[in-house]
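Report on the following structure.
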Amino acid sequence: MAETETYYLEYQLENGEQVIMGFDDINDRDGCHISLDMYKGQLGPVDEDVLQRILTKFRGRVLSRH
């Protein structure tokens with residue numbers, strides 16, 4: 001079985017928390033990043049609920065928080 005590569009994205013939520021996410025596909029990572037930035041620019045701060053909705057859409061997972 002072939003190993004899959006993980007693509008990482010680090011993003012800061014409105015409360016200052018840094019979230020590191022992992023994706024199996026680079027296009028999902030890029031789509032998630034673009035969507036988070038677009039939400040932030042057009043609709044307001046990215047909180048936990050927004051992050052989870054967008055993360056689910058792009059098949060990502062939270063790897064760590066700090």
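Every read-out reported here was derived from the displayed coordinates using simple, explicitly stated rules and does not represent laboratory data. None of the values given here were measured: they were computed from a predicted structure. Counting neighbours? That spans all protein chains shown, and the Cβs are built from the backbone with ideal geometry, glycine included.
Between residues in segment 7-20 that are under 18 Å from MET38 (Cα atoms) and residues that are among the hydrophobic types (A, V, I, L, M, F, W, C) and not in a strand (DSSP E or B), which pairs lie under 7 Å by C-beta distance while being six or more apart or on different chains?
Pairs that qualify, where the first residue is under 18 Å from MET38 (Cα atoms) and the partner is among the hydrophobic types (A, V, I, L, M, F, W, C) and not in a strand (DSSP E or B), are LEU9/CYS32; TYR11/LEU36; LEU13/VAL46; LEU13/LEU51; GLU14/VAL46; VAL19/LEU13; VAL19/LEU51.
Out of segment 1-47, which residues are surrounded by 14 or more Cβ atoms within 10 Å (Cβ to Cβ) and among the acidic types (Asp, Glu)?
The answer is ASP25, ASP28, ASP30.
Pairs only if they're at least six apart or on different chains, beta carbon under 8 angstrom, first in segment 24-49 and more than 12 Å from LEU13 (Cα to Cα), second crowded, with 16+ Cβ neighbours inside 10 Å and small (Gly, Ala, Ser); list them, first residue then second.
ASP28/GLY60; ARG29/GLY60; CYS32/GLY60
Anything in segment 19-52 that is of a type in the set (A, V, I, L, M, F, W, C) and in a loop (DSSP other than H, G, I, E, B)? List them, or say none.
Answer for segment 19-52, where residues must be of a type in the set (A, V, I, L, M, F, W, C) and in a loop (DSSP other than H, G, I, E, B): LEU43, VAL46.
Given the structure, is LEU55 farther than 15 Å from HIS66 by Cβ, part of a helix (DSSP H, G or I) and in contact with a Lys or Arg (Cβ under 8 Å, 6 or more places away or on another chain)? Break it down into steps so the answer makes sense when it comes.
Numbers: farther than 15 Å from HIS66 by Cβ: yes; part of a helix (DSSP H, G or I): yes; in contact with a Lys or Arg (Cβ under 8 Å, 6 or more places away or on another chain): yes.
Yes; evaluated as a whole, the condition is true for this residue.
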